[in-house]
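The values are calculated or read from the model by the stated rules, or taken from the named source; none is laboratory data. Everything numeric here is computed off the predicted structure, so don't read it as measured data. Using ideal geometry, Cβ is built from the backbone for each residue, glycine included, and neighbour counts are taken over all protein chains shown. The protein model used for the area step is the full one, side chains on, heavy atoms only, and it has no ligands, DNA or RNA in it. Shrake-Rupley method; radii C 1.70, N 1.55, O 1.52, S 1.80 Å.
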Amino acid sequence: MELRICHLYPDVLNLYGDRGNVICLEQRLRWRGISVETSGVSIGQPFCPENYDLCFIGGGQDFEQEVLLADLKGEKTQQIKAAIEDGIPFLAICGGYQMLGQSYKTWDGHQFDFIGAVDFYTVGSAQRMIGNYMFTCEDLPGTKIVGFENHSGKTYLGPSVKPMGKVLKGYGNNGEDKTEGVRYQNVFGTYSHGCLLPKNPQLCDYILTVALTRKYGQCQLQPLDDSLENNAHHYMQSRLERQ
Ligand code: GLN
């Protein structure tokens, strides 16, 4: 078995070590003897969805998002939309998550028209939403996901999509409706940066299972020794639960 990962804009969108999520996806495949190849696709490079089984987009500030608007125009937008409609799993974080939506009006009034692949929009607020946070995950009942958020954008979901889960501590999509992230087709959009997957190995394996099942029709991932990952998770979960 083999998985081909596309890391979109790896040199532009990589806040708080978001690339660690790609390393985590790769390593958890290798530990199970599954081959993995990751390719970066950046500004000016074509994105051919048929070459990939899983896509990752990291976070970026308003500045980087604005820089990418020109590159996203035209073909790349159509190809990303086609990939999503074809069921290719996408993990998109913060600024990368926002870019899959319709639009983003920054806190200082700039209007960015984004890909519009997923039914939501984002509006900047003067107050940033920063900190460790925790949310449920509708795909993994009973699991609490721990993460770190830092955004001024408030995201509001449309009627045709579901949130990834419900905020237990922190802000999530907008600090108002208790939703966190988005689920549409096999898109997992979240505000959780950096060590999302290393600290939440169940979520990593779930995304890998979705990708492998789409490619091979079935997938039963071998269990791994997650004691270190679970220690990190439990430490943050109990810290947040004490707040
Ligand atoms: N620029 C976006 C915001 O502040 C995303 C920031 C990020 O990716 N951390 O809302």
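Quick look at the values:
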read-out: MRE, 222 nm, helices only [DSSP H, n ≥ 4, -39500 (n - 2.57), over the chain, to nearest 500]; value: -9500 deg cm²/dmol
read-out: Over the chain, relative contact order from alpha-carbon pairs under 8 Å, at least 6 apart, %; value: 19
read-out: Most to least accessible of Glu26, Glu37, Glu50 (protein chains only, probe 1.4 Å); value: Glu50, Glu37, Glu26
read-out: Heavy atoms of Tyr206: accessible area, 1.4 Å probe, square angstrom to 10; value: 60
read-out: Between the stretch 57-86 and the stretch 152-193, the alpha-carbon center distance in angstrom; value: 19
read-out: Heavy atoms of Ser227: accessible area, 1.4 Å probe, square angstrom to 10; value: 60
read-out: Accessible area, probe 1.4 Å, largest first, for residues Arg32, Arg4; value: Arg4, Arg32
read-out: Sparse-neighbour loop sites [chymotrypsin sites (Phe, Trp or Tyr not before Pro); the stretch 1-62; at most 12 other C-beta within 10 Å; DSSP]; value: Trp31
read-out: Whole-number Å³ per residue for the convex hull built on Cα positions in the stretch 112-243; value: 119
read-out: Fraction of beta bridges assigned by DSSP in the chain that are antiparallel (%, nearest 5); value: 55
read-out: Cα centre as origin, Lys/Arg/Asp/Glu Cβ charges: the chain dipole, Debye; value: 540
read-out: Accessible area (Å², 1.4 Å probe, nearest 10) - Val118; value: 0
read-out: Largest-first ordering by accessible area, 1.4 Å probe, given options Ser103, Ser192; value: Ser103, Ser192
read-out: Relative contact order (%) - criterion: Cα under 8 Å, at least six apart; region: the stretch 109-243; value: 20
